[in-house]
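First up is the structure itself, then whatever we jot down about it.
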Amino acid sequence: MAVFHPAVELAAALGTIFLIYFGGRLVIHRTVPIADLVAYFFYLELLYQPVRALSNVWESIQQSLAGAERVPELLGQNPDVTEKPQAIALPGRAKGEIRFHNVSFWYREGEPVLEDINLEIEPGTVVALVGPSGVGKTTLAMLIPRFYDPCRGQITLDGYDLRALKLQSLRKQISIVMQDVFLFHGTVRENLLFGCPDASEKETIQAAQAAGAHGFIVELPQGYDTVIGERGFKLSAGQRERLAIARALLKDAPILILDEATSALDVETEAQIQQALERLMIGRTSLVIAHRLSTVRKADTIVVLQEGRIVDKGSHEELMAWDGLYRRLHLIQAHEATPQPSLLGGS
Ligand SMILES: Nc1ncnc2c1ncn2[C@@H]1O[C@H](COP(=O)(O)OP(=O)(O)OP(=O)(O)O)[C@@H](O)[C@H]1O
Ligand SMILES: [Mg+2]
């Protein structure tokens, strides 16, 4: 296009020069009246306009062709995680007993992210995952809904190997509140009902209230019908997190994966979210990637990850009793004047 556009313009300009030179001579020699030459100029301009328009169309065609090459590439992608033909559906609501057996995982061969993870999560308990940024906390959590399969080892839910289960029946059991909450372009209500389309208006509002989101939702321009997301009304990080919590409450799955956001929130919002999270965890098996000390402290078991391995496991008191990574992380965070969430594994 860098060549094509100037070439079209140059041809047009040369045509005009040609016309002025020869047309001008004809006028000087009085073979052609000047009015005809002027008229000719206008006709020429009428010809140039569609030629320029065509050259723009040509540009669009080239761009589309370049884009179209990538579409089949994307459509042709095979998901890494596939469902076996003989996969079974979980019978009813899961108890929520999750076991990692010698699980290793890597995104790229030779660069292990998780190594030899053995972890038991008992039904109804809260397990907190802590560790420095980038050790693989999010990765470990993402193995449970089978966003990836372990490269070695096995994960079971209620005794079933995850790979033997139907994907939909597995994922129905799991609510996820992500580090960076994803909102769809749609209304607040549509975003809340995403995991549970059949919930009634009353249930939706109750969930929003329990998540501390009802208050700000009713203050939005169109309340629950306000369009949010990519091109809609922009919500703050704290508001997005509360919407995600409300969404998870509505879905009411027995297993909860919570990757706490690390964004610094004001003390009041922080307290509201903390309360909402506690309500969300009641009666669920929860794996929490915790950045807030308050969440970590209340967990039944704290798992400390370092360099892709579990280096410590125990309750807050047990882990504080000796001088390990947890105690060091905890002391650093406790001593900061302003809380630095990243020290307990922020990003
Ligand atoms: N999709 C991916 N492809 C390749 N490498 C990845 C991918 N996601 C994460 N990683 C790498 O895997 C490692 C673990 O990442 P992970 O997101 O699990 O860390 P984390 O413990 O959750 O960190 P944080 O506390 O900052 O959220 C990092 O080194 C990261 O660069
Ligand atoms: Mg993470």
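Quick notes on this one:
- Per the listing Ile28, Ile34, Ile17, the residue uniquely among the hydrophobic types (A, V, I, L, M, F, W, C), farther than 30 Å from Ile257 by Cβ and surrounded by 13 or more Cβ atoms within 10 Å (Cβ to Cβ) is Ile34.
Here's the yes/no breakdown for (1) over 21 Å from the mean Cα position of the chain (by Cα); (2) closer than 13 Å to Arg99 by Cα:
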residue	(1), (2)
Gly131	yes, no
Val135	no, no
Thr138	no, no
Met142	no, no
Thr156	yes, yes
Gly159	yes, yes
Gln179	no, no
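- Failed item, numbered, when Lys84 is tested on (1) assigned to a helix (DSSP H, G or I); (2) surrounded by 10 or more Cβ atoms within 10 Å (Cβ to Cβ): (1)
- Candidates Arg70, Arg52, Arg93 - the one that is outside the structural domain of Leu287 (by TED's automatic domain parsing), part of a helix (DSSP H, G or I) and either in contact (Cβ under 8 Å) with a residue 24 or more places away in the chain or surrounded by 13 or more Cβ atoms within 10 Å (Cβ to Cβ) (or both): Arg52
- Within region 260-290, tally of residues that are buried (at least 22 other Cβ atoms within 10 Å of the Cβ), of a type in the set (S, T, N, Q) and modelled with pLDDT under 85: 0
- Contacts under 7 angstrom Cβ, first residue in region 154-181 being under 21 Å from Arg279 (Cα atoms) and within 16 Å of ligand 2 (Cβ to nearest atom), partner assigned to a helix (DSSP H, G or I) and open to solvent by 70 Å² or more (accessible area, probe 1.4 Å), 6 or more apart: Val181/Arg240
- Test for Gly134: is it assigned by TED's automatic domain parsing to the domain that holds Leu325, in a loop (DSSP other than H, G, I, E, B), of a type outside the set (A, V, I, L, M, F, W, C) and open to solvent by 50 Å² or more (accessible area, probe 1.4 Å): yes
- Qualifying residue in region 310-324 (condition: within 19 Å of Ala207 (Cβ to Cβ), among the polar types (S, T, N, Q) and assigned by TED's automatic domain parsing to the domain that holds Ile176): no
- Scanning region 218-246 for residues that are within 16 Å of ligand 2 (Cβ to nearest atom) and either in a loop (DSSP other than H, G, I, E, B) or open to solvent by 20 Å² or more (accessible area, probe 1.4 Å) (or both) yields a single hit, Ala237.
- Test for Leu249: is it away from ligand 2 (no atom under 16 Å from the Cβ), within 25 Å of Val135 (Cβ to Cβ) and either open to solvent by 10 Å² or more (accessible area, probe 1.4 Å) or outside the structural domain of Asn118 (by TED's automatic domain parsing) (or both): no
- Tally of residues being under 19 Å from Arg279 (Cα atoms), assigned to a helix (DSSP H, G or I) and at pLDDT below 90 across region 182-208: 1
- If the condition is being outside any loop (DSSP other than H, G, I, E, B), more than 16 Å from ligand 1 (Cβ to nearest atom) and closer than 30 Å to Glu122 by Cβ, then region 247-270 contributes Arg247, Ala248, Leu249, Leu250, Lys251, Ile255, Leu256, Glu270.
- The set of residues in region 182-211 that are of a type in the set (Ser, Thr, Tyr) and touching a residue at least 12 places away in the same chain (Cβ under 8 Å) comprises Thr187, Thr204.
- Remark: Glu109 matches the filter, which requires a residue to be in a loop (DSSP other than H, G, I, E, B), more than 16 Å from ligand 2 (Cβ to nearest atom) and either open to solvent by 90 Å² or more (accessible area, probe 1.4 Å) or of a type outside the set (A, V, I, L, M) (or both).
- Residue in region 292-309 that is farthest from ligand 2 (Cβ to nearest atom), counting only those that are of a type outside the set (D, E, K, R) and without any contact (Cβ under 8 Å) to a residue 60 or more places away in the chain: Ser294
- Any chance Ala141 is open to solvent by less than 50 Å² (accessible area, probe 1.4 Å) and within 16 Å of ligand 2 (Cβ to nearest atom): yes
The values are calculated or read from the model by the stated rules, or taken from the named source; none is laboratory data. What you see is a predicted model; the values in this text were computed from it and never measured. Note: ideal-geometry Cβ built from the backbone for every residue, glycine included; neighbour counts use all protein chains shown. Please note that ligands, DNA and RNA were not included when accessible areas were found on the heavy atoms of the full protein model with its side chains. Shrake-Rupley method; radii C 1.70, N 1.55, O 1.52, S 1.80 Å.
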